[in-house]
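Peer 1: This is the structure, below, for whatever I ask next.
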Amino acid sequence: MAAVLVSVALAVLAPLLWLSVAYPLEDGMMVIDRAARLLLHHGSPYLAADQVTSWLSYNPYLPVMTLFGLPSAAGLGGLAGNSGVWIALGTVVPLAAAFWIALSARGDHPFYPPRPGTHRGCPACRRDALLATAVAVASPVIGLNLAVITTDPPVLALILLALALAARPAGTSRLAGAVGAGVAVGVACDLKSTAWLAVPVLAAMFAARDGVRTAGRFVAASAVTALVLVAALAPAALTSLRGADALVQNSVLFPLGLTHDKTPAESLLPGHLLTAMGTAGHVVSVALLLAAGLGIAISLVVRPPRDVTAAAWRLAVGLALMFLLGPQVRFGYFIYPLGLIGCLALTRESKQNAAAGAEGATAVPAAGFKAGPGGPGPYRPVKG
């Protein structure tokens with residue numbers, strides 16, 4: 001634990017604080033701060049099409065991302081008003097909650113079996129959740145993005161939280177898990193469009209595992225959460241055609257490279273290389289992206305994931321394909337598939353449970369991300 005905490009301090013906290021104090025804000029943070037000021041004064045975090053003067057005039061993020069800029073817009077200075085610091089906090093909290101839920105619900109510790117409905121009887125689970133959070137934050141996948149302040153870590157953290165909630169045991173807790181997962185995904189989808197694929201993937205998983213009604217509750221919770229947040233953080237987008245057009249121009253068309261001003265960011269990914277060839281290449285890139293989306297949709301119908309592990313893998317593969325083929329995508333977006341795979345590794349069934357079984361105990365399937373053939377359920381050693 002001491003080694004991991006030192007890693008967090010040196011790999012994340014030190015560079016984050018240094019860059020926040022010694023260097024000007026990155027372009028993305030400037031956009032978020034401007035969006036917060038626009039929201040406070042005009043009811044929308046987006047500039048209208050006739051107000052756009054360059055690619056920096058666009059705000060490619062969705063309304064919830066504006067929350068990270070509100071402290072600065074409210075007049076706070078220094079680290080308290082730095083949107084990058086708030087993004088780091090907005091990543092660590094849901095990430096810790098995801099590991100807490102996944103590892104505590106699994107409860108594969110023979111000496112500290114969890115009590116029904118509570119995690120207080122599992123101090124080893126608390127230790128493992130803290131350790132997993134620290135390892136994830138210090139890892140290059142998340143640590144680098146936090147240190148240089150990018151906007152993807154909180155989106156990934158909320159997706160992981162949704163997966164942990166979706167793996168709740170059968171019964172009333174699973175129903176609550178579907179609604180909780182819907183709320184978490186709804187918030188993530190209102191941060192950035194990269195989270196949108198999680199909705200159909202998790203909906204297919206709920207339908208295959210728990211039935212259509214549970215999947216419907218998940219989708220309804222996601223949609224209601226997203227609409228409520230848009231109404232609260234971009235009311236002009238729902239009350240006027242001008243506001244709705246600004247939302248679409250900024251958060252949908254600009255990321256796809258379909259606006260007059262385009263981002264100067266470059267990468268060697270196939271989709272971007274095709275776009276660099278001109279209009280024909282851009283059309284091919286968008287067509288391949290749509291084809292990949294159609295292929296993912298067909299796979300969800302023909303062979304839907306039946307547990308959270310399968311859903312996480314399907315989401316990781318789908319996102320990787322979309323990032324490879326998208327016209328305006330950078331290598332940094334691969335934080336999502338890498339983060340999903342890393343989370344599966346950190347929450348997989350430990351060997352401790354297998355050792356307990358070798359001594360005469362059997363275990364039922366896990367309630368974490370790793371589910372067995374009988375469906376998720378808490379691990380508890382059973383003598384005999």
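Peer 1: Determine, yes or no, whether D33 is surrounded by fewer than 16 Cβ atoms within 10 Å (Cβ to Cβ), of a type in the set (D, E, K, R) and not in a loop (DSSP other than H, G, I, E, B).
Peer 2: So D33 does not fit the description; no.
Peer 1: Residues in the range 79-101 that are part of a helix (DSSP H, G or I) and farther than 20 Å from G186 by Cα: how many?
Peer 2: Residues that pass the stated criteria total 7.
Rundown of residues vs (1) among the β-branched types (V, I, T); (2) in contact with a helix residue (DSSP H, G or I) (Cβ under 7 Å, 6 or more places away or on another chain); (3) within 22 Å of Y333 (Cβ to Cβ), yes/no style:
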residue	(1), (2), (3)
P140	no, no, yes
L146	no, yes, yes
I149	yes, yes, yes
A166	no, yes, no
V183	yes, yes, no
R213	no, no, no
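Peer 1: Residue pairs, Cβ under 8 Å, 6 or more apart or interchain, first in the range 329-341 and farther than 17 Å from A311 by Cα, second of a type in the set (F, W, Y) and part of a helix (DSSP H, G or I). List them.
Peer 2: V329/F323; Y333/F323; F334/F323
Peer 1: Let me ask you something else. Quick check on the range 140-170: of everything there that is of a type in the set (A, V, I, L, M, F, W, C) and assigned to a loop (DSSP other than H, G, I, E, B), which residue is surrounded by the fewest Cβ atoms within 10 Å (Cβ to Cβ)?
Peer 2: V148
Peer 1: Residue by residue through the range 24-55, note down the ones that are among the acidic types (D, E) and in contact (Cβ under 8 Å) with a residue 60 or more places away in the chain.
Peer 2: E26
Peer 1: Check R106 against each of (1) at pLDDT below 90; (2) out of contact with any Asp or Glu (no Cβ under 9 Å at 6 or more places or on another chain); (3) within 30 Å of A167 (Cβ to Cβ) and name the one condition it does not meet.
Peer 2: Single failed check for R106: (2).
Peer 1: Among the residues of the range 295-318, which ones are under 23 Å from A97 (Cα atoms) and either β-branched (V, I, T) or in contact (Cβ under 8 Å) with a residue 60 or more places away in the chain (or both)?
Peer 2: Filtering the range 295-318 for residues under 23 Å from A97 (Cα atoms) gives 307-316.
Once the filter is applied, which keeps residues that are under 23 Å from A97 (Cα atoms) and either β-branched (V, I, T) or in contact (Cβ under 8 Å) with a residue 60 or more places away in the chain (or both), the range 295-318 yields D307, V308, T309, A310, A311, A312, R314, L315.
Peer 1: Separate question: Are any residues in the range 220-236 part of a helix (DSSP H, G or I) and in contact with a Leu (Cβ under 9 Å, 6 or more places away or on another chain), and if so, which ones?
Peer 2: S222, A226, L227, L229, V230, A231, L233, A236
The values are calculated or read from the model by the stated rules, or taken from the named source; none is laboratory data. No experiment lies behind these values; they were computed from the predicted model shown. With ideal geometry, Cβ positions are generated from the backbone for all residues, glycine too; neighbour counts draw on all protein chains shown.
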